[in-house]
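Taking it in order: structure first as structure tokens, then the write-up.
The values are calculated or read from the model by the stated rules, or taken from the named source; none is laboratory data. Predicted, not measured: the structure shown is a model, and the values here were computed from it. Cβ coordinates were reconstructed from backbone atoms using ideal geometry, including for glycine residues, and neighbour counts include every protein chain displayed.
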Amino acid sequence: MKPAGSASIRGSEDFERCHEVARQVNGGGHPQAAGCKPDIYDDMLDYANHWTTGGAVATQVILNAFRTLPDEPAEAAE
């Protein structure tokens, strides 16, 4: 998580679906490197909460995106 509310998602040899995770939370990128900025900030109070909690809510949104990935990569379905 970055202070402005965006995040970088990095993959590994075993995980090459960063772009799919990022697409779920207002982002995009490549299989092993992607970025996003979850659309969860309605007002300055939300943004202030982001700063004071170290991005806890945005982190949970991104982690939930990992959890909801289908078993098969999107490219395999094409």
query = Could you count how many residues in the stretch 11-66 are at pLDDT 90 or above, among the charged types (D, E, K, R) and surrounded by 13 or more Cβ atoms within 10 Å (Cβ to Cβ)?
reply = 5
note = ILE62 vs (1) in contact with a strand residue (DSSP E or B) (Cβ under 9 Å, 6 or more places away or on another chain); (2) part of a helix (DSSP H, G or I); (3) without any contact (Cβ under 8 Å) to a residue 24 or more places away in the chain: all pass except (3)
task = Have a look at GLY28, GLY35 and point out the one that is in a strand (DSSP E or B) and under 8 Å from the mean Cα position of the chain (by Cα).
result = GLY35
